[in-house]
There are 4 protein chains.
Amino acid sequence: MKRIRVGILGATGAVGQRFIALLTDHPWFEITALAASERSAGLPYREACTWRLTADCPPAVAEMIVQPCQPGLDCEIVFSALPGEMAREVEEEMAAAGYGVLSNASAHRMDPDVPLLIPEVNPDHLRLVPIQQRRRGWGKGFIVTDPNCSTVGLTLALKPLHDAFGVRRVIVTTMQALSGAGYPGVPSLDSLDNVIPYIRGEEEKMIQEPRKLLGTLAADGESVLPAEIAISPACNRVSTRDGHMETVSVELVHKPSIAEVIEAFRHFESLPYKLGCPSAVEPTLIVREEPDRPQTVRDRDAGRGMAVTIGRVRPCEVFDIKFVLLSHNTIRGAAGGAILNAELMVAQGMIG
Amino acid sequence: MKRIRVGILGATGAVGQRFIALLTDHPWFEITALAASERSAGLPYREACTWRLTADCPPAVAEMIVQPCQPGLDCEIVFSALPGEMAREVEEEMAAAGYGVLSNASAHRMDPDVPLLIPEVNPDHLRLVPIQQRRRGWGKGFIVTDPNCSTVGLTLALKPLHDAFGVRRVIVTTMQALSGAGYPGVPSLDSLDNVIPYIRGEEEKMIQEPRKLLGTLAADGESVLPAEIAISPACNRVSTRDGHMETVSVELVHKPSIAEVIEAFRHFESLPYKLGCPSAVEPTLIVREEPDRPQTVRDRDAGRGMAVTIGRVRPCEVFDIKFVLLSHNTIRGAAGGAILNAELMVAQGMIG
Amino acid sequence: MKRIRVGILGATGAVGQRFIALLTDHPWFEITALAASERSAGLPYREACTWRLTADCPPAVAEMIVQPCQPGLDCEIVFSALPGEMAREVEEEMAAAGYGVLSNASAHRMDPDVPLLIPEVNPDHLRLVPIQQRRRGWGKGFIVTDPNCSTVGLTLALKPLHDAFGVRRVIVTTMQALSGAGYPGVPSLDSLDNVIPYIRGEEEKMIQEPRKLLGTLAADGESVLPAEIAISPACNRVSTRDGHMETVSVELVHKPSIAEVIEAFRHFESLPYKLGCPSAVEPTLIVREEPDRPQTVRDRDAGRGMAVTIGRVRPCEVFDIKFVLLSHNTIRGAAGGAILNAELMVAQGMIG
Amino acid sequence: MKRIRVGILGATGAVGQRFIALLTDHPWFEITALAASERSAGLPYREACTWRLTADCPPAVAEMIVQPCQPGLDCEIVFSALPGEMAREVEEEMAAAGYGVLSNASAHRMDPDVPLLIPEVNPDHLRLVPIQQRRRGWGKGFIVTDPNCSTVGLTLALKPLHDAFGVRRVIVTTMQALSGAGYPGVPSLDSLDNVIPYIRGEEEKMIQEPRKLLGTLAADGESVLPAEIAISPACNRVSTRDGHMETVSVELVHKPSIAEVIEAFRHFESLPYKLGCPSAVEPTLIVREEPDRPQTVRDRDAGRGMAVTIGRVRPCEVFDIKFVLLSHNTIRGAAGGAILNAELMVAQGMIG
C-alpha cells in the first residue's frame, strides 16, 4: 500500500516534534513536508529546531527543508500544531487550498461545522465534514480537530457512563504535567516544590468540549447538539513531565453499582481498533484495581500513551461515583489524538 | 509570668521535632520533658533523634534525657505526636494520671466526649472536657485533639460559609505534601515526576472530622451533633515538601454573590487572636486575588504557617462556589494546631 | 537454538525486577527459576513482589513460584541481585553446586580469582574462571561479577584513553540517580530540592574497581595486577530517577590533542558487539558535541541504556583533559551489565 | 545614626528583589530609589515587578515609583543587579556622576583598578578605589564588585588554606541551584529529573576570579597580582531552588593533617564581623562532621545565608585534601555579598 503524504504545520515546536516521532515509520503515513514560522523557513529542520524528545530526530527528517505555513506543501493532509493565534487563519487557508487539516489547535474546535473528534467517542461527527466543505466552498479540503489535552481523558471515561447510565453533573480536578505548557513553558522556579492552581483558558475548554464531544448530530445533520452535562473543572499544574491525572465525581441519571460502572469501562469498544487503525489500542480504558493506581510515572505510557488508565472507582459521598484517571497529554492528548483522527478518516475512505 | 511546664510524647519523630521547634522560646510554655519509645528512653535527645528540621535543634533540648511514654514526666500537660496505634492507650493513661493531653493523633478524635478542636471554629466544644473528666473519672487530666492535616484548612474555610450561608455539600480534591507522610515516609522513587492518587485513611477523616468540628453541642452538653454536610474527598500525594493544596466546590443553602463569599472569608474572626494566644494570627483566612495564587512554595508559610490562604473564589458550574486553599500541614495541620489548642485552654483558664 | 535456562537470585528487589524485564524475550536466555528470601519463597511471584517498573511484569513470570536462594533451582546459570550481606555465602554455595553465577553484588568483586568484568574492557579476565574453579574445587560452577554502577561508565571511558595515552590520575565527581539506592531507598524528603554529598561505600568502590578492571593478568594468569591509576572520587546523590552523571579530569602519560581524545572514544571497539551479543551496542561510547549534553533525562537511555554518553571533551586547567559522562545505572550499571557478561561467556563457549 | 540612602539598579529582577528583601529594615541603609529598564520607569514598583520571593514585598517599597537607570537618583550609593550587557555602561555613568556603585554584575570584575571584593578575604583591595577614582576622574563615585555566585563559596574556603598552607591546584565540580539562572531562567522540562552539565560563562569566572580575590596588591598599589593557583571547574545545574554545592580537591604547598585543615577553617576570622557589619556572621565557615552534610535544603540558610558550610574534609587520593562546600547563591553569592561590601566600606569610612 502506498503511504499517504503528510505535512506538519508548526513542526519545530513541542507538539510538532511529537508528530514527527509518532509519524516516523508509520504504516499509513509518510512525512513529506515540514512547515513552520517565517524565521525557520528555508533552513534544514535540524537547524531550525532544537530537538527535545528523548529519542533522536530521524536523520531523514533532520535534513528536510522547512517551508512556510501556506499552500504549496507537497502532501495531501497536514497535521497542525500551530499556536492558537496563528491556527485560525492558516488552517482555513490550507483547507481552502484542498488540504485535509487534522488540527491540534483550539481555534476551530467549537465551530459548528467542524468535528471535534475522538474516534472512540463520536466517529459519526465526521458527517460534518461534507457540510463544512459545502458551506465553506472548500472542495476536498477540510478541518477536523482533536480536543484539549485535559478534555480527552475525561471524555473517554465519561462516554461509556453516559451511554449506559446518563451523565448529569461532573466535578473534576486536574493535576496536569509540565509538558502541557510547551517549551520553555513553566519556569523551573515555578514548578519545583510547587503546585500552581491555575492554567489559563483550560477550565473553559473542559466545560465546553466534552459537551460537544458527547453531543448528538442535529436532525438536519448540520451541527452538534451538545450533551446536557454540567461540568465544573479545577485545573492545576504539578511537577510531572507528562501525564494528566484527574479526580472525577459524577452524578448519573440511572444508579448503577460500582461493579456495573467498572463493567461499562471494561466493555468500552473502540471503533478505530476494530477498523485496524495503527494508533488505536485495546483496551482504550484500562481499569486498575490496586488502591494507589494509576500513578503518573508508572501508567502514563500505558497503551503506548493512547490508553486512559482509570483507578479507585468507588461511590461518591455527594454524587454517585468517583474515580481517578490518567492520560498522556502529548500523545493521546495532542499529536497521537490527531493522528488517530486521520487514521479513522483513512479507514472510512475520507482520506487517501 | 511563670511558664507552664510541658512534655512531648513521641518527641523524636517528625511532628515531635516540629513541636520542639515551635515551643522553643514560647512565651507561655517551657519544655521540661521529652518522651519516646522504649528504644530511645534513657538517651540524650541528640542521640535518640535524627534531627531533620532546617534550623538546628536547640542545645538545651538536645541534652535532655528522653523518658518513656508513661506517667512520671515532670510537666503539667503533654503534646502527643504518638503514632495511631500507640496513642489510644498511652494518652488515656496520661490523662488518668492527671496530665492534660493535647493530641495530634487520630485515636480519640471521634470519641463522643473528646473535643476535636480548632480554636477559631469550635471553642465551645471545650465544654466536653468536664464531661469527659467526670465520665472517665480523670480528675484534672483530659484529652483534647486537633484534626487531621487535610481537614483543618478545609474546615477553617467552610466555617464562615456555614455560619453565613449554610454548607450543604462539598467536593474536595487535595494535593498533599510529602511531609504529611512523616519520615522516611514516601520513597523518592514514588514522588519524583509522580502523583499518587491515594493516601490511606485520609479520605475517611475528611468525611467525618469537619462534620464534628462544625457540629453543635447537644442540648445536654455531653456530645456533639455533627453538622449535616456531605463531603466527598479525593486525596492525592504530590511532590511538594510542605503545604496541602485543596480545590473545593461547595453547595450552599443560601445563595450569596462571590463578593459576599469573599467578605465572609475576610471578616472571619479569630477568638484565640482576640484572647492574645501567641500562635494565633490575623487574618486567619487570607484571600488572594491574583488568578494563580495561592501557590504551595510561595504561600505555605503565610501567617507563620498558621493562616489558610484562599484563592480563585469563583462560581461553580455545578454547585454554588468553588475556590482553592492552602494550609501548612505540619504547622497549622499538626504541631501548631495542638499548641494553639493549648493556648486557648490557658487563655480560658482551663490550663495553668 | 535452544535457550539457556537462567535463574534470578533476589528476584523481588529493584535489580531483580530489572533482570526480569531485560531477560523477557531474550534470544539466548529463558527465565526458569526465581529465588528470593525465605519470606517470599513458596509464593507466586506476583504476590511476593511489588512490581515497580513501568512496563507490567510479564504474565508468565508473575505466575512462577518463588524458591529459596539455594541449590535446587532448575537452571544452568543464575543472575544474582542479592544484597551485599547475603551475596557472599549464597553465591559461593550456588557456584559450588555447579551453577554459573553472574553477580551484580559487590561481595566477590575484589576476590583475586574472581573476574570483575566489563566485556568491552577486559574480556581476557575471564581466564580467571578455570583458575577459580580449580582453586575452589567447583567443577563447572563459577562466579563472575560486574562493577559498581558508578564505576562502569568511568571505566568504559577511561579504557580507550588508557590504551592510547596512559591514564595516571583521575579526579571524578558523580551526580547519581535515586534508583541506585534501591527501593524504598532515599526518602523523598531527602531528595526534593536537595543534593546529598555522600553515598556510603561508593567512593571506596570507585577507587579500587577501575584499577582491577583496567589491570592486566599476572604472568601466571592467576590474578590481576591492578593498573597504576590514582582515582579520587566525590559521590553525590541528586534528584534524578535513573542515570549517573560524572565530571572527570584526567592526567595522561602522553599528551594528545582534544581531537585525538575524541577519536579514541569514537574508535573504541566492542568485542561483545562483534561477537553478536544481543545486549551489546555500537557505539559503546557516544561522543556528543553540543555544549550542554549529555543530560540525564535525555541521554540515559542511549543505546538501550547500554551506551555511555560523553560530552564536553576539553582541556583541563589542572590535568590534561576533562569531560562529562552519563551511564544508565540500573541497566549498564547493574542488570544489563551482568547479562552482557553472561552473553560474552556464551559467545566464547564458556556457558551453554 | 542617620541611615545612608541607597538605590537599586535593576530593581525588578530576581537579584533586585533580593536586594529589597535584605535592605528592608537594614540598620545602616535605607532604600530611597528604585531603577529599572525604560519599560518599567514611571510605574509604581508593584506594577513594574512580578514579586517572586516568599515574603511579600514591603508595602512602602511597593508604592515607590521606578526610575530609569541613570544619574538623578536620590541616593548616595547604588546596588547594581543589572544584566551583564547593560551593566558596563550604566555603572560607569553612575560612578562618573558621583555615586558609589556596589555591583553584582560581572562587567567590571576583572578591570585592573576595580576591587573584586569579599570582605573576609581581601578587604585591602579596597585601596584600589582611590586609584580608580583618580585614573577615571570620578570624584567620589566608584565601582566595587562582588564575585560570581559559584566563586564566592570556593574562595572563602580556599582563603584560610592559602594563608596557612599555600594552595597550588584546585579541581572543583559545582552542583548549582536553579535560582542562579534568574527568572524565568531554566525551563522546568530541563530541570525535572535532570542534570545539565553546562552553565554558560560560569567556568571562565571560576578560573579567573579566585586568583584575583586571593591575589596581592602590586607594589605600586595600582593593581592586583593574581595568586598563582590553577583551578579547573566543571559546572552543573541541578534541580534545587537555592544553594550551590561544590566538591573540591586541593593540592597544597605544605602538607597539613586533616585536623590542621579543619582548624584552619574554624579559626578563619571575619574582619567585617569584628567591625560590626550587620550582614557579617560568625563563624563564616561552618565545618560539619556528619558524613552526609552539608545538604542543600538543610544548610543553605546557615548564618542567614551568609555562611559557607563545609563538610567531608578528608584526604584526597590524588591531591592533598578534598571536601564539599555549600553557599547560598542569591544571598552570599549575590545581593548579600554586595551589601556586605557596602557595609565594610561604611565601617571603614569610605561611604557615608
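The values are calculated or read from the model by the stated rules, or taken from the named source; none is laboratory data. Computed from a predicted structure; not experimentally measured. Don't worry about glycine lacking a Cβ; one is built from the backbone with ideal geometry, like all the others, and counts go over all protein chains shown. Surface accessibility is based on the protein's heavy atoms, side chains included, excluding ligands, DNA and RNA. Shrake-Rupley method; radii C 1.70, N 1.55, O 1.52, S 1.80 Å.
Selection over segment C:288-313 of residues that are open to solvent by 20 Å² or more (accessible area, probe 1.4 Å) and in a strand (DSSP E or B) gives a count of 2. When every residue of segment C:146-167 is checked against the conditions, at least one turns out to be hydroxyl-bearing (S, T, Y), in a helix (DSSP H, G or I), crowded, with 24+ Cβ neighbours inside 10 Å and out of contact with any Cys (no Cβ under 8 Å at 6 or more places or on another chain). Exactly one residue out of A:A307, A:A335, A:A264 is at pLDDT 95 or above and either outside the structural domain of A:F165 (by TED's automatic domain parsing) or in contact with a Phe, Trp or Tyr (Cβ under 7 Å, 6 or more places away or on another chain) (or both), and it is A:A335. Has segment A:3-22 got at least one residue that is among the hydrophobic types (A, V, I, L, M, F, W, C), without any contact (Cβ under 8 Å) to a residue 40 or more places away in the chain and either within 23 Å of A:A107 (Cβ to Cβ) or not in a helix (DSSP H, G or I) (or both)? No, every residue in segment A:3-22 fails to be among the hydrophobic types (A, V, I, L, M, F, W, C), without any contact (Cβ under 8 Å) to a residue 40 or more places away in the chain and either within 23 Å of A:A107 (Cβ to Cβ) or not in a helix (DSSP H, G or I) (or both).
For segment C:319-349, the candidate set comprises residues that are in a loop (DSSP other than H, G, I, E, B) and within 14 Å of chain D (Cβ to nearest Cβ); within that set, the residue that is farthest from C:S270 (Cα to Cα) is C:F319. Picking from residues in segment B:63-80 that are open to solvent by 30 Å² or more (accessible area, probe 1.4 Å) and not in a loop (DSSP other than H, G, I, E, B), the one that is nearest to D:R293 (Cα to Cα) is B:I65.
Listed here are the residues, each with its yes/no results for (1) open to solvent by 20 Å² or more (accessible area, probe 1.4 Å); (2) touching a helix residue (DSSP H, G or I) at 6+ places or on another chain (Cβ under 8 Å).
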position: C:K205; (1), (2): yes, yes
position: C:D220; (1), (2): yes, no
position: C:I229; (1), (2): no, yes
position: C:L252; (1), (2): no, yes
position: C:P256; (1), (2): yes, yes
position: C:I286; (1), (2): yes, yes
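The residues of segment B:161-190 that are within 30 Å of B:A11 (Cβ to Cβ) and of a type in the set (D, E, K, R) amount to a single one, B:D190.
Residues satisfying the criterion are absent from segment C:68-75 (criterion: at pLDDT 95 or above and within 20 Å of the chain's Cα centre (by Cα)). Pairing residues of segment A:190-204 that are within 11 Å of chain D (Cβ to nearest Cβ) with residues that are part of a helix (DSSP H, G or I) and β-branched (V, I, T), at Cβ distances under 8 Å and at least 6 apart in sequence or on separate chains, gives A:L192/B:V297; A:D193/B:T296; A:D193/B:V297; A:N194/B:T296; A:N194/B:V297.
Any residue at all in segment B:128-141 that is assigned to a helix (DSSP H, G or I), surrounded by 22 or more Cβ atoms within 10 Å (Cβ to Cβ) and of a type in the set (G, A, S)? Checked against the condition, which is being assigned to a helix (DSSP H, G or I), surrounded by 22 or more Cβ atoms within 10 Å (Cβ to Cβ) and of a type in the set (G, A, S), segment B:128-141 yields no hits at all. Taken over segment A:296-318, the residue count meeting the criterion of being of a type in the set (A, V, I, L, M, F, W, C), within 7 Å of another protein chain (Cβ to nearest Cβ) and touching a Lys or Arg at 6+ places or on another chain (Cβ under 7 Å) is 2. Checked against the criteria, A:E290 counts as more than 19 Å from the chain's Cα centre (by Cα), among the acidic types (D, E) and within 14 Å of chain B (Cβ to nearest Cβ). Condition first: open to solvent by 10 Å² or more (accessible area, probe 1.4 Å), acidic (D, E) and at pLDDT 95 or above. Can you find one or more residues in segment D:17-32 that meet it? Yes: one or more hits. Pairing residues of segment A:78-105 that are under 15 Å from A:R18 (Cβ atoms) and among the aromatic types (F, W, Y) with residues that are open to solvent by less than 20 Å² (accessible area, probe 1.4 Å) and part of a helix (DSSP H, G or I), at Cβ distances under 9 Å and at least 6 apart in sequence or on separate chains, gives A:F79/A:G16; A:F79/A:F19; A:F79/A:L23; A:F79/A:A335; A:F79/A:A338; A:F79/A:I339; A:F79/A:A342. Look at segment A:57-73: where a residue is in contact (Cβ under 8 Å) with a residue 40 or more places away in the chain and of a type in the set (V, I, T) and a partner is crowded, with 16+ Cβ neighbours inside 10 Å and part of a loop (DSSP other than H, G, I, E, B), sitting 6+ places away or on another chain with Cβ atoms under 6 Å, you get A:V66/A:S40; A:V66/A:A41. For segment B:2-14, taking the residues that are open to solvent by less than 40 Å² (accessible area, probe 1.4 Å) and hydrophobic (A, V, I, L, M, F, W, C), the one that is nearest to B:C75 (Cα to Cα) is identified as B:V6. Just so you know, in segment A:231-249 the residues that are among the charged types (D, E, K, R) and either open to solvent by less than 10 Å² (accessible area, probe 1.4 Å) or more than 7 Å from chain B (Cβ to nearest Cβ) (or both) include one that is nearest to A:L214 (Cα to Cα), and it is A:E246. All of C:A107, C:A60, C:A87 fail the test of being part of a helix (DSSP H, G or I), of a type in the set (A, V, I, L, M) and open to solvent by 10 Å² or more (accessible area, probe 1.4 Å), apart from C:A60.
Counting the residues of segment A:140-189 that are of a type in the set (K, R) and in contact with a Phe, Trp or Tyr (Cβ under 6 Å, 6 or more places away or on another chain) gives 0. The set of residues in segment B:305-328 being among the β-branched types (V, I, T) and touching a helix residue (DSSP H, G or I) at 6+ places or on another chain (Cβ under 7 Å) consists of B:V308, B:T309, B:I310, B:V313, B:I321. Tallying residues that are farther than 17 Å from C:E290 by Cβ and surrounded by fewer than 24 Cβ atoms within 10 Å (Cβ to Cβ) within segment D:177-192 yields 5.
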